[in-house]
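All of the numbers you see were taken from the coordinates with simple rules; none came from a lab. If you're wondering where the values come from, they're calculated on a predicted model, not measured in any experiment. A quick note on method: Cβ atoms are made from the backbone with ideal geometry, for glycine too, and the neighbour counts reach across all protein chains shown.
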Amino acid sequence: MFSFPPPDFNAKNKKKVAEIYQALNSDPTDVAALRRMAISEGGLLTDEIRREVWPKLLNVNISDPPPQSGKDLRQMSKDYQQVLLDVRRSLRRFPPGMPDEEREGLQEELIDIILLVLERNPQLHYYQGYHDIVVTFLLVVGERLATSLVEKLSTHHLRDFMDPTMDNTKHILNYLMPIIDQVNPELHDFMQSAEVGTIFALSWLITWFGHVLMDFRHVVRLYDFFLACHPLMPIYFAAVIPQDLPYETLISRAGDIFLQFPPSELAREAAAKQQAERMAASTFKDFELASAQQRPDMVLRQRFRGLLQPEAQTKDVLTKPRTNRFVKLAVMGLTVALGAAALAVVKSALEWAPKFQLQLFP
């Protein structure tokens, strides 16, 4: 496991570390407190802490790892060649300066984790970009624990992305415009008139921003947040993301917007939009137009290739003037401090969580 330098441990951070370990050592473990710590400013602070807290957030028993397969998965898996290609292209996801031998070893472990999870869960379908999520867990917690965490995550938070079709993924993307409409109607109207669609956010959503962020510290900070919240939180975060990425402010705004406009209020509008798109002649137009810029969703695109309109392959709506307007997202949302919002977001996550997540560790 590769450890990044810890943040500056001032008095505030030291106090937070003490509170995290107090929650970990409680009997039973105070999972609600750990969720608050993961959401609040700075997240879980270090990878050492994440190795202890992430399993608690996902209710994974670290003393009961998944059994290794007795099969030669690289020979038998229908996904092996695609996984191999994706992992070979993942060089930038590893820390700069890491020795080639160490990185190559981690890439082999990355392949093994993915194939084992897929073999143990045949209902799951691999998508390009999944490896960007798995590598984050591998780098933080190591192969053995990453396998358990990724398996739990894949059967719950990521489940909609791993269907044989993209219907559920598109439905989640359809939440984006209603959220923007609620908090910034002007931007919403501009995006509607510009016909940019929502495909620009697809790689953000299906990789939990792991594919697009260059600094690994930012990636794990977001993973702290997402693991502690409702599975739809990444789409709320996408609605507030500007170009300069002030992460703590964005996390606060995403939490505030989630509380003001929960998924239950957006579901009807998103469903109506999805039904309308199914009937439109240009159903997948924006999907194809952005294809050259969205490597992580290539496998997802292929599932729809037969439905694309031929004329959609020669135009590009994601022009510079339009994408520059996304800077307006920087001022979107409310500016309520995270403290009170964190408590409510955690409460919402706990109310949503299925029984497997509500069980406390001995």
Requested in this report: With label points built 7 Å along Cα→Cβ from the Cα atoms of Ser193 and Arg88, find their separation and express it in nm.
Outcome: 4.8
**Report entry** Sorted peptide list for 227-237, 10-20, criterion being average Cβ within 10 angstrom, highest first
**Finding:** 227-237, 10-20
Query raised in the report: Based on the Cβ-Cβ distance from Ala267 to Asp215, what FRET efficiency comes out when R0 is 35 Å, to the nearest 0.05?
Result: 0.55
Query raised in the report: How long are the three semi-axes of the equivalent ellipsoid of the range 7-64, in whole Å, if each is the root of 5 times an eigenvalue of the C-alpha gyration tensor, listed from largest down?
Result: 20, 12, 10
**Report entry** Chain lengthening between Glu108 and Asn121 when straightened (0.36 nm per residue, less Cα-Cα)
**Finding:** 2.7 nm
Requested in this report: Take peptides 38-44, 51-57, 208-214, 90-96 and line them up by average Cβ neighbours within 10 Å, highest first, as a rough protection proxy.
Outcome: 38-44, 51-57, 208-214, 90-96
Query raised in the report: With r defined as the distance between the Cβ atoms of Asn61 and Glu19 and R0 fixed at 22 Å, what FRET efficiency is calculated, to the nearest 0.05?
Result: 0.40
Query - Pairwise label distance in nanometres, Thr249 with Asp27, each label 7 Å out on the Cα-Cβ vector - result: 4.6
Report summary line: Computed from the beta carbon distance with a Förster radius of 41 Å, FRET efficiency for Asn168 and Ala11 to the nearest 0.05 stands at 0.35
Query raised in the report: Based on the mean of other beta carbon atoms within 10 Å per residue, what is the order of 249-258, 215-224, most packed first?
Result: 249-258, 215-224
